[in-house]
Structure formats: structure tokens, C-alpha cells
Amino acid sequence: MLSVKDAIDKLVAAAEPLASVQSVAVLESLGRTLARDIVAPVDVPPADNSAMDGYAFCYADAAANNFQLPVTQRIAAGSATQSLQPNSAARIFTGAEIPATADTVAMQENCTDRDGVVAVDRAVKPGANIRPQGQDIKAGKTVLTAGTTLRAQEMGLLSSLGIVEVAVYKPLRVAIFSTGDELVEPGNRLQPGQIYNSNRATLCGLIQALGMQVIDLGTVADNLAATEAVLQQAAAESDIIFSAGGVSVGEEDYVKTAVTRVGSLDFWKVAIKPGKPLAFGQVDNTPFIGLPGNPASVFVTFMILARPFLLASQGVAEVRPQFLLAKSLFARSGESREVYLRARLQQDGVEIYPNQSSGVLASACWGDVFVRQQSGQSIDEGDLIDVLPFAL
């Protein structure tokens, strides 16, 4: 079996940006992945401006005139400025451009204006309360690199540079199917031996949460011919193929065999719990990941192993899990595999769901983090342990 680290390394190394590039409006770019670096075309701010409502003046002039200066102009944000007359001050407002020859702004609360003459704050320091041109961003600087996932703050930054459209990768098309004659879709009556298919909905949600397009191929009967057919259909219609179930070694598990017949398999066992049987390969040059069938195993293996591969294939630069440290509120003996416990952060530490069975999907709804218990690691109450938030 591959270690979790080795499996992630292999998956990320095999991933290549699969999607083509398109131009989208910045206002519609939330969650998209930049395909090209962004170099600032302008300074931000484009000119010196006032950080306060107050009075702008030349400090040397103020000192020479006992900090008493006539007010010769009024400057609001967005208005054009004129050079400040010698030995005078300008009434100025937050965000307004500093007039030429002024070098200091005094806050209005610390100044007194009588009959058009302002007594400016004697305690103010030269250069105070001015935001200099390019303080945030200098023209010519690379401000965002290809592979960045655009959030609201990046959208705002792009707009501050006057950028209207950006080049991003198109969302990946991800085909999914489930296997198992026991599976019934919600809305139908259960017969003896049947269960409702939760993996279909879980995978749809996990993939959509990454901003990718789901191609839902439904549930496939437990036979080799049907499994081969759906794999070939998925390869023709998608960028990446996912299956849930059928990758173990049981007599009714056909996915692994089908992939080797119509494609190739690179590995199919990872030392992770839950979810040891996980397959990775290709069908007609389309990457394939076969997840286990148990609902909690699908959630864990997708988040820990498949998610980095999908993000890397989408062109995202930083894809590996980034763990935090938290204090354990539980004790647990070590196991031979690396275990991912569904857990929840509290003010004083992290607790785990009492039932960690691979069939208990409620544990993922209750929790908000994984606890990583490394192979052979015993955890005592009060230990600092690795946690990985569900929402990244």
C-alpha cells in the first residue's frame, strides 16, 4: 500500500492543467483559477491622497507662520486639485488628492478654523496622514500569479488596478458514477437488501463546491460489460472520471478489472483509514479515480486524496492539505494505517465523533475538521495534534 503522502505526491505529479483558458469579467470571476500572471498597469493609489478629513499644507510654511494659515481651496474626493498657494492651507477630505507643494495633513479635530484662517495642529508631524502614490501597489509589480484562486479580495484588488477581464481556466468537467446493485435513488421505495445512494449526492456537492461541472452518469449495474461501457462514455465526455464503489477485490467489484481492460491502473491501495481501496489510472488518456463505496470513506478519500488532484488539474498552484494544530480532548490508540477522524473544534480543543465507522456519514455533517492520526501514533488527551478544516 502507498502511504498517504506518497499517494498525494503521485496524484499531484500526474496532474496537468486540463482545462482550456477563457476570459471572464472580474465581477464574475469568484472561485475561478487565474491562467496568467497579473502585472499592475498603474500605481495604487494613483496619486498621494489624504487619509483623514482635515487640512493639507506645507509643513515648513506652517512652522514659519506660527501654524496659522489662510484656507485657499477646498478639495473633496474625486475632484481635481490645484497647486497649493504658498503659506496657505487646503480644506481636504478623506481620499482626496493632495495638492502640489502640500506635504502634511492635520486632522480636523485638532484644528480650529475661524474666518477663513485655520490654526493647524502644532503636534502633527511632517508627512502625517498622507497615503503616498503606489503605497498599496506599484505599477509593473506582479500582484497575482497564475494558479491563484480568485476570492472576493482578489476581485477587489483587480478592480483597483482598473482591470475589467481576466484569463482563467474553464471549469473541469468531472464525470461520476456509482456501482452497486443494492443502490436505489432517493424517491424510490426500498426493497429488501437495498439502500439509498448517498455517494452520488456527496460527490456532486464536493465537485460543485470546487467550481467544477459534474457529468452525472448515474448508477451502474454490477457487471463487467456495463462498467466498461460507462468508463468509455465518461472518457469521451469529461476531463476526469470518478467512480464510487467496486474497487475492492470482491467477486462483485468490477471497476478495477474494467479499468485495466479499457485503460491502465497506476495504483489501487493507499494506507488510509477509512478508504484503503482507492484506484488511480487512465481510460483513453482521461484520468480516473476510483473511490471506495462506503459513504464516510468517499468523503474522506475525496477530501484528502482526490481534492488535491482535481485542484492541480484545474491549474491551482497550492493544493496540498495545510494542517493546523489543536489540543486533543480525547485519547486514542494508534493503528497501522494513517487515520482521518471526523472531528469538531471547540474553544478548548478538538473532539471526535464517537462512531468513526466508514458507513457513518453523519460524522461528516457533525464535524468541521479532520484529525490526522499518523500510522502508529497514539493520542493522549491534551496532546497537540494535526487538524485539517473541511472548508479550505
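Only the coordinates and a few stated rules stand behind these numbers; no lab work does. In this text, all values refer to a predicted model and were calculated from it rather than measured experimentally. No Cβ is skipped: glycine too gets one built from the backbone with ideal geometry, and neighbour counts run over all protein chains shown.
The antiparallel fraction among DSSP beta bridges confined to the chain stands at about 70%. Would you mind classifying segment 49-131 by shape? Square roots of the alpha carbon gyration tensor eigenvalues, ordered a ≥ b ≥ c; an a/c under 1.5 is rounded, otherwise it is prolate if a/b is larger than b/c and oblate if not. Rounded is the answer for segment 49-131, as its axis ratio a/c remains below 1.5. Taking the charge dipole of the chain about its Cα centre, with +1 at Lys and Arg Cβ atoms and -1 at Asp and Glu Cβ atoms, the residue from Ile215, Ala146, Gly246 reaching farthest to the positive side is Ala146. Cut-off 10 angstrom, C-alpha nodes, Gaussian network model of the chain. Which of Leu190, Leu206, Leu157 fluctuates the most? Fluctuation is largest for Leu190. Could you state the number of Å between the C-alpha centres of segment 151-186 and segment 304-328? Comparing the Cα centres of segment 304-328 and segment 151-186, I get a distance of 16 Å. Considering only Leu325, Leu150, Leu311, the Gaussian network model of the chain with Cα springs below 10 Å gives its largest mean-square fluctuation to Leu325.
Sorted ascending by nearby beta carbons within 10 Å, beginning with the fewest, Lys256, Lys269, Lys5 become Lys5, Lys269, Lys256.
Taking the Cβ of Gln108 as the center, what net charge do the other residues with Cβ under 12 Å away carry, scoring Lys and Arg +1 and Asp and Glu -1?
Overall, the nearby charge balance is -3.
Just want to confirm a number: the relative contact order over segment 16-160, from Cα pairs under 8 angstrom separated by 6+ residues, in percent. With pairs under 8 Å counted, the relative contact order is 38 percent. Segment 369-392 and segment 214-290 have Cα centres separated by 30 Å.
Under 10 Å, Cα contacts only: if you run a Gaussian network model on the chain, which one of Ser358, Ser50, Ser29 comes out with the highest mean-square fluctuation? In this elastic network of the chain, the residue with the biggest mean-square fluctuation among Ser358, Ser50, Ser29 is Ser50. Classified by the C-alpha gyration tensor, segment 324-389 has an oblate form. Its axis ratio a/c, with a ≥ b ≥ c, is 1.5 or above, and a/b does not exceed b/c. Over the residues of the chain, the helix contribution to mean residue ellipticity at 222 nm works out to -5500 deg cm²/dmol, using -39500 (n - 2.57) for each DSSP H run of at least 4.
Structure shown: which of Lys5/Lys327; Lys138/Lys170; Lys170/Lys273; Lys256/Lys276; Lys170/Lys256 lie over 25 Å apart, alpha-carbon to alpha-carbon?
Lys138/Lys170; Lys170/Lys273; Lys170/Lys256
Once the C-beta distance of Ala76 and Ser23 is scaled by a Förster radius of 35 Å, the resulting FRET efficiency is 0.45 to the nearest 0.05.
Of Trp268, Trp366, how do they rank once you tally other Cβ atoms within 10 Å and put the fewest first? Provide the component values of the computation, followed by the final result.
On the way: Trp268 21, Trp366 16.
Placing the least packed residue first, the sequence is Trp366, Trp268.
Here the spin labels are modelled as points 7 Å beyond Cα on the Cα-Cβ line, and at Ser336 and Asp115 they lie 9.6 nm apart.
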